[in-house]
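Accompanying notes for the structure given below.
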């Protein structure tokens, strides 16, 4: 087995791969022009990358040529040289996406997990979901070069165990990475789901090319994911962004930032989906004929409250406005400290659209010094799993692909 090439050769390989991943099917002369490398160097580098299985030669299609003669050979990056796996594990549903090395999804599989009674049953559902995605893509497990998993909870960076994972039975103190390594022979990364959501939005969603982003998950749970200058901020203990445990709405709460019996923090108890239903059921709002009728029929839930608000029901609109004002109280300190380029609101409650966005924006405005642009998630339910795909791709690039200058500089700054 030959020794690894020196750094200069690795950098040349990285430059060629970077160009081919941006614009595939290029002639050698065009690669040389785009990289600034000499034609002989490009030819040697392509031969090396071809031997390693990362690129291949293909013949130029006749329709693309205006001259007679032998077709030129084009070089393309082999996005099919392997694949990556992204997984989103939730209390109600698990999703898995198989993607090629350009990040293009090849297959998606989903499985209900709400019936899982313990971690063993939940892990079995996860494995079943992954098997479904692999079968759909027509691939074996050996083709997966890296896997990344998003899960609720705080990941201890030292032990690899999860803590504070509401809604997932037996999940707390589980070493998810170790469990999944029994299934996969490739490296497996585990990350908090909201952290992955912000990565997904920055990569494929509304926050593309946006350096500093805060993602606010607003659903049954409330949490935050933070990217600063394009890098995920996890915090020393992996607990950055856990805004669900804020006590800003009740600073005299004797329980402090502790979860209740259902694992919910004090802030999410007053701003999450259950808070909307509780508020709509309370005496002041039961005076609304629409909400009172829904309550009598046993049909009062988050969706019906939002539908009523969209139809102009003043009681339902009051509920939404009250909870949006509460959410703004918790988001304002985050925006004041970080001053991000963009705040993205995702999660189940974001599906209400403009009624939610406008209410939160209106209540945030007087609480911050500089208005932060606010957008709803573009990826929706796929934000976490696409962030997992991105994390897995990063792992492949860092471990297996030759580094380019930009990545080397970034790694040097972080050491």
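The values are calculated or read from the model by the stated rules, or taken from the named source; none is laboratory data. In this text the structure is predicted, and so the values were computed from the model without any measurement. As a convention, Cβ positions derive from the backbone with ideal geometry for all residues, glycine included, and neighbour counts pool all protein chains shown.
Before moving on, here are some points about what is shown:
- Take the conditions (1) without any contact (Cβ under 8 Å) to a residue 40 or more places away in the chain; (2) crowded, with 17+ Cβ neighbours inside 10 Å; (3) in contact with a helix residue (DSSP H, G or I) (Cβ under 8 Å, 6 or more places away or on another chain); residue 247 misses just one of them, which is (2).
- Selection from the range 307-340 of residues that are farther than 18 Å from residue 362 by Cα and assigned to a helix (DSSP H, G or I): 307, 308, 315, 337, 338
- Per the listing 231, 221, the residue uniquely under 17 Å from residue 163 (Cα atoms) and in the same structural domain as residue 271 (by TED's automatic domain parsing) is 221.
- For the range 111-136, filtered to residues that are in contact with a strand residue (DSSP E or B) (Cβ under 8 Å, 6 or more places away or on another chain) and either in a loop (DSSP other than H, G, I, E, B) or within 17 Å of residue 152 (Cβ to Cβ) (or both), the residue that is modelled with the lowest pLDDT is 114.
- Residue tally, condition on the phi < 0 side of the Ramachandran plot and surrounded by fewer than 19 Cβ atoms within 10 Å (Cβ to Cβ), over the range 377-394: 3
- Being within 26 Å of residue 92 (Cα to Cα) and surrounded by fewer than 18 Cβ atoms within 10 Å (Cβ to Cβ) is a condition met by at least one residue of the range 285-296.
- Of the criteria (1) farther than 24 Å from residue 197 by Cβ; (2) at pLDDT 95 or above, which one residue 411 fails: (2)
- Selection from the range 205-229 of residues that are in contact with a strand residue (DSSP E or B) (Cβ under 8 Å, 6 or more places away or on another chain) and either surrounded by fewer than 21 Cβ atoms within 10 Å (Cβ to Cβ) or not in a strand (DSSP E or B) (or both): 205, 206, 207, 210, 211, 212
- Flag for residue 202 being farther than 15 Å from residue 350 by Cα and surrounded by 24 or more Cβ atoms within 10 Å (Cβ to Cβ): yes
- Counting residues in the range 145-165 that are touching a helix residue (DSSP H, G or I) at 6+ places or on another chain (Cβ under 9 Å), closer than 23 Å to residue 399 by Cα and in a loop (DSSP other than H, G, I, E, B) gives one or more.
- Qualifying residue in the range 354-373 (condition: at pLDDT 95 or above, out of contact with any helix residue (DSSP H, G or I) (no Cβ under 7 Å at 6 or more places or on another chain), crowded, with 21+ Cβ neighbours inside 10 Å and assigned to a helix (DSSP H, G or I)): no
- Test: residue in the range 394-402 that is in contact (Cβ under 8 Å) with a residue 60 or more places away in the chain and touching a strand residue (DSSP E or B) at 6+ places or on another chain (Cβ under 6 Å): yes
- Qualifying residues in the range 17-27 (those that are surrounded by fewer than 20 Cβ atoms within 10 Å (Cβ to Cβ) and closer than 11 Å to residue 74 by Cα) - the one farthest from the chain's Cα centre (by Cα): 27
- Test: residue in the range 27-48 that is in contact with a strand residue (DSSP E or B) (Cβ under 7 Å, 6 or more places away or on another chain) and part of a loop (DSSP other than H, G, I, E, B): yes
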